[in-house]
Amino acid sequence: MTQRKPEGYLNGRPLSPESLMMSYGYKPALSEGAAKIPIFQTSTFVFKSAEDGKAFFELAYGLRAPDAGEEMGLIYSRLNNPDLEILEDRLTLWDEAEAAAVFASGMAAISTTLLTFLRPGDVLLHSEPVYGGTDYLFKQVLPQFGIRVIGFRAGAPPAEAEAQLRRLGLADRLALMFIETPANPTNALVDIAAYAALAESLSGTRRIVTAVDNTFLGPLWQQPLKSGADLVLYSATKYIGGHSDVIAGVCLGNRSLLDRVKIMRTIFGTMAGPHTGWLLLRSLETLKLRMTAQMKNARHVAEFLNAHPKVARVHYLGNLCDGDPQYDVYQRQCIAPGGMISFEVAGGEAEAFRFLNALKLIHLAVSLGGTESLAEHPATMTHADVDPEERLELGITPAMVRLSIGVEHPDDLIADLEQALAAV
């Protein structure tokens, strides 16, 4: 690494992540005094000596452990690149992770991570529902590699999932637990700490890894590592990128696990490029501003939807209250309700489509977490490949609409929703 991290302290006081996003991991003097990080648009890097090249490759492929204070230098942009290294340093700050790895997409992050820790004959235990692409990977792709996949409903107690594993005689084959919370698109929560404890209790000679997809709440409003997860995953396309102009993914966790993930990333070639890294570095500087505005806007929108006669049900974390079985989980592991809302119009698919087609300010598009507000129909779009009966069991109904709230004025968003609901 050529750009070293400055200390994250000022007069002995630790700096906040939003302040460190402007400088952490970068020294302008190493880049001709450029105030902002340049794009290192190069495929390969020149070694100072053959001995350096040998040492770097030994570390890159895990052929030996690094000596005290030794770090791998720059080799080739499929392995490392200054934009990606600085980005990974900064990404660790919000989640307080030891290390991070950036990928070409969220699905690249998930698939590379899973194939790092899963082998033929292993069992993957996962929450449901999950993003449609993840669901396809679990149920259509992983079984082709001899990996058994078992799902449990978001909100189900760990004892229920454990009983299912034991009933099937698979408890001793569990290798990885994958949790998506809040669930896409229902906003259902999974108790991270409780399932991490289950993973630990079932671990024998081989450690069961707990991985959490935290895309829906992002690093501001939930930090799964603090609840006992081993790894946290993001589609960085969403809130981290935040401008709907980049595709990327992230995996964070302790250094020993991330070293294994990075070796697999190198061989699979799933690393993001330097321009993607530069775009994400730009976006991190405004992450707290954007996510705070989106969270506040979502509260206004949810309040409007809660009271509308043509809205049958609203799925929003801010609606949870004392007495709800998920309220305690929300209080323990979430900091704020975020900017995602799903709701069901009165009726079915036809009424949902009338609503979506009538929107004027809010864009009819998939994805989420961008500065612009988006609306989509999960049952026929993001989750179209999920089994129809399973969709209904998981609460993904034909009447459901998913909203990603942006940074527009909340009164304008509500006015658009109001005129669109008039068409239902």
How far apart, in nm, are the 7 Å Cα→Cβ label points at S16 and A423? 4.1
³J(HN,Hα) computed for each position of region 133-138 - Karplus, 6.51 cos²θ - 1.76 cosθ + 1.60, integer Hz, glycine/proline x: x, 5, 4, 5, 4, 5
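If you average the sequence gap of Cα pairs under 8 Å that are 6 or more apart and divide by the length of the chain, what percent do you get for the contact order? Spell out each step's value before the answer.
Values: 806 pairs, mean separation 68.5, N = 424.
That works out to 16 percent.
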Hits among aspartates and glutamates - C-alpha to C-alpha of K36 under 12 Å, sequence gap 8 or more where chains match: D83, E285
Show the residues, 5+ positions off or on another chain, whose built amide H is closer than 5 Å to the amide H of F152. H126, S127, E128
Summing -39500 (n - 2.57) over every DSSP H run of at least 4 in the chain, dividing by its residue total and rounding to the nearest 500, the 222 nm mean residue ellipticity is -10500 deg cm²/dmol
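Pulled fully out, how much extra length does the chain show between L63 and T205, if you take 0.36 nm times their separation in residues and subtract their Cα-Cα distance?
Numbers: separation 142, 0.36 × 142 = 51.12 nm, distance 2.37 nm.
Working it through step by step, the gained length comes to 48.7 nm.
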For region 98-172 and region 177-242, compute the distance between their C-alpha centroids and round to whole Å. 12
Would you mind telling me which residue in G277, G25, G53 has the biggest mean-square fluctuation in a Gaussian network model of the chain, where springs connect alpha carbons within a distance under 10 angstrom? G53
Subtract the Cα-Cα distance of L361 and V46 from 0.36 nm times their separation in residues, and report this length gain in nm to one decimal. 108.4 nm
May I ask you to order 215-225, 339-349 by the average number of other C-beta atoms within 10 Å around their residues, highest value first? 215-225, 339-349
Quick query: amide H of A312 versus all other amide H atoms, modeled in the peptide plane; which residues come in under 5 Å with a sequence gap of 5 or more or a different chain? E344, V345, A346
Residue-wise HN-Hα coupling along region 55-60, computed from phi with Karplus coefficients 6.51, -1.76, 1.60 (Hz; x: Gly, Pro): 5, 4, 5, 4, 6, 4
As straight-line cross-link partners of K288, the qualifying lysines (C-alpha separation under 18 Å, not fewer than 8 residues apart within one chain) are K238, K296
Which whole-number percentage describes the relative contact order of region 114-237, with Cα contacts under 8 Å and a sequence gap of 6 or more? 24
What are the principal axis extents of the Cα atoms in region 288-421, in Å, biggest first? 35, 33, 28
Among S203, S373, S105, which one moves the most in a GNM of the chain with springs linking Cα atoms closer than 10 Å? S203
Residue-ordered couplings for region 218-232, obtained by feeding phi - 60° into the Karplus form 6.51 cos²θ - 1.76 cosθ + 1.60 and rounding to whole Hz (Gly and Pro as x), are x, x, 7, 9, 7, 10, x, 4, 6, 9, x, 5, 7, 9, 10
Long-range HN-HN contacts of R207 with modeled amide H, under 5 Å: none
Once R153 and E98 are pulled to full extension, the length gained, defined as 0.36 nm per residue separation minus their Cα-Cα distance, is 16.7 nm
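Rule-based calculations on the coordinates, nothing more; no lab input. Computed from a predicted structure; not experimentally measured. Glycine also receives a Cβ, built like all others from the backbone with ideal geometry; neighbour counts cover every protein chain displayed.
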